Amino acid sequence: MKQGLFLIISLFTATSYAQVSVKDLSLYYEQDAALCGGYDSVFAIKGKWKKLGDENTFPDKSFPKSDYKFVNARLDSMGDMLKATITDLSGMEARYYRNITGKAYIPGGPVPYTLTARFPDYYCNTNFKKILLADETSNLVYIFVNTLNWFLSKIGKWDINNDGILHTVYQLPVTNGKWKGMTVYEPDFFAGGATRIVYRAVVLGRNGKLPWRSLTQKQYLTSLKIQYEAELNKTIEWNGFSKNYSKRLKFINDYFAVADEKTLETPAVIDPKAGIWGFKGKFGDEENGGYRLVLFAGNKKYFDTTLPRYVPQLFQVIWKYNPDEKVSLHFKKQFEENFPLEKLKAMLDK
């Protein structure tokens with residue numbers, strides 16, 4: 001009962017779901033499917049691939065329309081990769097479209113464009129006791145070209161070297177192992193709610209390099225210290241803030257006193273228990289939810305402006321699925337096992 005379930009997820013008003021915890025959601029998907037003959041009946045429906053019209057929303061105005069054909073040819077190649085990846089459309093349909101959108105990171109630089117593929121699944125509508133195709137879906141693949149889109153979260157402008165120069169600092173998503181030799185990130189785009197929608201992403205850069213640079217421990221702590229000292233100068237003793245910032249500064253000063261220069265030059269990995277602003281004398285590790293802060297290097301030092309603007313110089317592949325729903329897991333399994341990542345990587349700079 002996907003329509004009913006979406007309502008439950010947002011409002012939690014139906015009594016049959018009122019006590020449902022996230023870990024039990026798979027049971028309710030199973031129970032709903034049983035009203036229409038179970039998942040066997042859902043998987044018996046075989047979908048097809050369908051190409052939708054282009055959605056060229058807000059393309060870079062400096063990119064000539066006469067060159068759209070070169071972009072579309074590359075997007076069509078990516079569409080062919082996906083068709084060869086998701087070959088069993090049992091219980092779902094496949095819809096994909098091309099999109100040229102967004103401004104290039106640098107004037108005259110590589111233009112951003114995207115291939116979006118949606119895989120709406122069939123489900124048992126418990127109101128009608130009939131299998132219907134869902135209007136919305138958790139099953140999606142995005143291939144972003146020459147853009148990181150939603151990938152980086154802006155933290156602010158920091159003086160990381162104590163030289164008065166402010167740098168825009170971003171937060172990377174947490175990592176989750178490897179996929180086909182690439183680091184997997186799990187962006188938390190839309191946290192909250194009763195569902196467990198999972199986003200996974202990999203980033204492919206030209207010459208094996210990525211368009212960001214991690215802040216070192218020294219740069220991170222230097223910036224925090226500058227900000228804490230500035231806040232300390234604004235506070236007065238009776239409001240309690242002075243003591244709070246003095247404690248925070250002590251953690252930083254104590255760490256500087258014991259850490260050697262080699263350690264301070266390693267990437268700062270934020271302890272998720274402390275968060276960016278709560279450093280208490282230790283850093284985290286990426287295997288346990290730690291994450292990095294970075295400077296984005298999407299400039300002429302990274303991108304090759306001598307290449308045609310439609311040439312891919314950066315890929316971000318995102319796939320999204322619902323780990324509690326069997327059709328979604330069927331989609332996820334095929335994508336992760338079959339997608340030709342090396343073939344996509346071979347398109348860089350070509």
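Is it true that residue 117 is among the hydrophobic types (A, V, I, L, M, F, W, C), touching a strand residue (DSSP E or B) at 6+ places or on another chain (Cβ under 7 Å) and under 24 Å from residue 36 (Cβ atoms)?
No.
Please state which of the following conditions residue 337 fails to meet, knowing it meets all the rest: (1) within 22 Å of residue 112 (Cβ to Cβ); (2) not in a strand (DSSP E or B).
(1)
Scan the range 177-212 residue by residue and report those that are modelled with pLDDT under 95 and of a type in the set (S, T, N, Q).
Result: 195, 207.
At least 2 residues that are under 30 Å from residue 212 (Cβ atoms) and out of contact with any helix residue (DSSP H, G or I) (no Cβ under 8 Å at 6 or more places or on another chain) in each: list the helices (runs of 4 or more DSSP H) lying fully within the range 18-133 that qualify.
Qualifying helices (runs of 4 or more DSSP H): 68-85.
Tell me which of these residue 342 doesn't satisfy, since it passes every other one: (1) more than 29 Å from residue 154 (Cα to Cα); (2) in contact with a Leu (Cβ under 6 Å, 6 or more places away or on another chain); (3) in a helix (DSSP H, G or I).
(2)
Within the range 268-277, restricting attention to residues that are among the small types (Gly, Ala, Ser) and without any contact (Cβ under 8 Å) to a residue 24 or more places away in the chain, which residue is surrounded by the fewest Cβ atoms within 10 Å (Cβ to Cβ)?
Across the range 268-277, the extreme among qualifying residues is 275.
Starting from the range 23-36, take each residue that is under 16 Å from residue 134 (Cα atoms) and list its partners that are of a type in the set (Ser, Thr, Tyr), counting only C-beta distances under 6 angstrom and pairs at least six apart or across chains.
Going by the 6 Å Cβ cut-off, the qualifying pairs are 32/126; 33/39.
In the range 24-39, what count of residues is obtained for those that are surrounded by fewer than 19 Cβ atoms within 10 Å (Cβ to Cβ) and among the hydrophobic types (A, V, I, L, M, F, W, C)?
Number satisfying all stated conditions: 3.
Just one of 296, 331, 303, 283 is out of contact with any Gly (no Cβ under 6 Å at 6 or more places or on another chain), of a type in the set (Phe, Trp, Tyr) and buried (at least 20 other Cβ atoms within 10 Å of the Cβ); which is it?
Values: 296 fails: buried (at least 20 other Cβ atoms within 10 Å of the Cβ); 303 fails: out of contact with any Gly (no Cβ under 6 Å at 6 or more places or on another chain); 283 fails: buried (at least 20 other Cβ atoms within 10 Å of the Cβ).
So the residue among 296, 331, 303, 283 that is out of contact with any Gly (no Cβ under 6 Å at 6 or more places or on another chain), of a type in the set (Phe, Trp, Tyr) and buried (at least 20 other Cβ atoms within 10 Å of the Cβ) is 331.
Scan the range 317-334 for residues that are assigned to a helix (DSSP H, G or I) and more than 16 Å from residue 33 (Cα to Cα) and report the count.
4
I want to confirm something. Restricting to the range 79-94 and keeping residues that are in contact with a Pro (Cβ under 9 Å, 6 or more places away or on another chain) and touching a residue at least 60 places away in the same chain (Cβ under 8 Å), which single residue is surrounded by the most Cβ atoms within 10 Å (Cβ to Cβ)?
92
Name every residue in the range 306-315 that is among the aromatic types (Phe, Trp, Tyr) and either surrounded by fewer than 20 Cβ atoms within 10 Å (Cβ to Cβ) or assigned to a loop (DSSP other than H, G, I, E, B) (or both), in order of residue number. Quick ask: steps written out before the conclusion?
Quick first cut of the range 306-315, residues among the aromatic types (Phe, Trp, Tyr) only: 310, 315.
310 - this is the single residue of the range 306-315 that is among the aromatic types (Phe, Trp, Tyr) and either surrounded by fewer than 20 Cβ atoms within 10 Å (Cβ to Cβ) or assigned to a loop (DSSP other than H, G, I, E, B) (or both).
Any idea which of (1) surrounded by fewer than 15 Cβ atoms within 10 Å (Cβ to Cβ); (2) more than 21 Å from residue 290 (Cβ to Cβ) is the one residue 177 doesn't satisfy?
(2)
If only one of 239, 299, 244 is within 30 Å of residue 313 (Cα to Cα), among the polar types (S, T, N, Q), over 20 Å from the mean Cα position of the chain (by Cα) and modelled with pLDDT under 95, which one is it?
299
Is there a residue in the range 135-154 that is assigned to a loop (DSSP other than H, G, I, E, B) and farther than 25 Å from residue 344 by Cβ?
yes
The values are calculated or read from the model by the stated rules, or taken from the named source; none is laboratory data. These numbers were taken from a predicted model, which means no experiment stands behind them. When we count neighbours, we look across all protein chains shown, and the Cβ atoms used for this are built from the backbone with ideal geometry, even at glycine.
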